[in-house]
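Notes follow the structure.
The values are calculated or read from the model by the stated rules, or taken from the named source; none is laboratory data. What you see is a predicted model, and the numbers here were worked out from it, not measured in a lab. All Cβ positions, even for glycine, are placed from backbone atoms using ideal geometry, and neighbour counts span all protein chains on display. All accessible areas refer to the heavy atoms of the entire protein, side chains included, with ligands and DNA or RNA removed. Shrake-Rupley method; radii C 1.70, N 1.55, O 1.52, S 1.80 Å.
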Amino acid sequence: MLGAPRIHPKSVKKALTMADEGNVISNLDLGPASNGEDTSPVAGIISQYVRDLSVENPNAPECFQWQDAPEVDVQFNIGARPIGPDVHEVELKIALTARAQAGTSYIVELAYCGLVGMRNLDDAQIHGFLYAEAPRILFPFARRVLADAVRDAGFPPLMLDPIDFNGLYLQQLAAQQQAAEGQPVGNA
């Protein structure tokens, strides 16, 4: 497997200087600290991959003759687990089930993952990156895999609507905080 090309920090500094048309940014230091410790907060996607993809077309070829449009149920789940001291795996699990009156047209289940590297972040920043920002970055790629899988099953590609992962994350935090304080969650 080919890795991503390595870019030397001085090359990046030079490129930024050139892009800024000669206005040198004097406080830009992309290398480690002079004392040997790297204390700058860093977070990003190292790699991404399909862990599991399942496509079922249980009523083929009869389903291709059905006239009514199927209703698609989308189930979504985000998980994260540590892999090493500075590396976590974020997993988007997405399940699509399309049902028409005559039966199930297709079932597609995807586990799409990304390895996330993080250093020098506090616990709240780590949690926010794992459950809001990393899924936001990974989702367009998972969406394309799903669209291709549905198309390859013989149906028009299904393009999922964009998801506001940050908004969902903040809603969940608020709900957890209300539950911890003993307040009713939701509209009562």
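Okay, residues lined up against (1) crowded, with 16+ Cβ neighbours inside 10 Å; (2) touching an Asp or Glu at 6+ places or on another chain (Cβ under 8 Å); (3) touching a residue at least 12 places away in the same chain (Cβ under 8 Å):
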residue	(1), (2), (3)
V87	no, no, yes
V108	yes, yes, yes
C113	yes, yes, yes
A132	yes, no, yes
A142	yes, no, yes
TODO: Identify all residues within the stretch 144-164 that are without any contact (Cβ under 8 Å) to a residue 40 or more places away in the chain, farther than 20 Å from E62 by Cβ and either in contact with a strand residue (DSSP E or B) (Cβ under 8 Å, 6 or more places away or on another chain) or open to solvent by 60 Å² or more (accessible area, probe 1.4 Å) (or both); write none if there are none.
DONE: R144, P157, M159, D161, P162, D164
Task: Subset of the stretch 96-105 that is surrounded by fewer than 16 Cβ atoms within 10 Å (Cβ to Cβ) and assigned to a strand (DSSP E or B) - its residue that is farthest from the chain's Cα centre (by Cα) - done: G103
TODO: Considering each of L115, L130, L92 in turn, give the residue that is more than 30 Å from A69 (Cβ to Cβ), hydrophobic (A, V, I, L, M, F, W, C) and not in a helix (DSSP H, G or I).
DONE: L115
TODO: Test each condition in (1) closer than 22 Å to E62 by Cα; (2) in contact with a His (Cβ under 8 Å, 6 or more places away or on another chain) for L130 and report the one that comes out false.
DONE: (1)
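Residue by residue, here is whether (1) modelled with pLDDT under 95; (2) more than 28 Å from S40 (Cβ to Cβ); (3) in contact with a Phe, Trp or Tyr (Cβ under 7 Å, 6 or more places away or on another chain) holds:
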{"site": "F64", "(1), (2), (3)": "yes, yes, no"}
{"site": "Q67", "(1), (2), (3)": "yes, yes, no"}
{"site": "E89", "(1), (2), (3)": "no, no, no"}
{"site": "C113", "(1), (2), (3)": "no, no, yes"}
{"site": "P135", "(1), (2), (3)": "no, no, yes"}
{"site": "L138", "(1), (2), (3)": "no, no, yes"}
{"site": "V150", "(1), (2), (3)": "no, yes, yes"}
Task: D86, sole failed condition from (1) under 25 Å from T39 (Cβ atoms); (2) under 10 Å from the mean Cα position of the chain (by Cα) - done: (2)
Task: Residue check, M159 over 15 Å from A95 (Cα atoms) and hydrophobic (A, V, I, L, M, F, W, C) - done: no
Task: Restricting the stretch 152-188 to residues that are of a type in the set (D, E, K, R) and not in a helix (DSSP H, G or I), the residue that is modelled with the lowest pLDDT - done: E181
Open item on the list: Against the definition (more than 29 Å from G114 (Cα to Cα), open to solvent by 40 Å² or more (accessible area, probe 1.4 Å) and either at pLDDT 95 or above or hydroxyl-bearing (S, T, Y) (or both)), how does S40 come out, yes or no?
Closed with: no
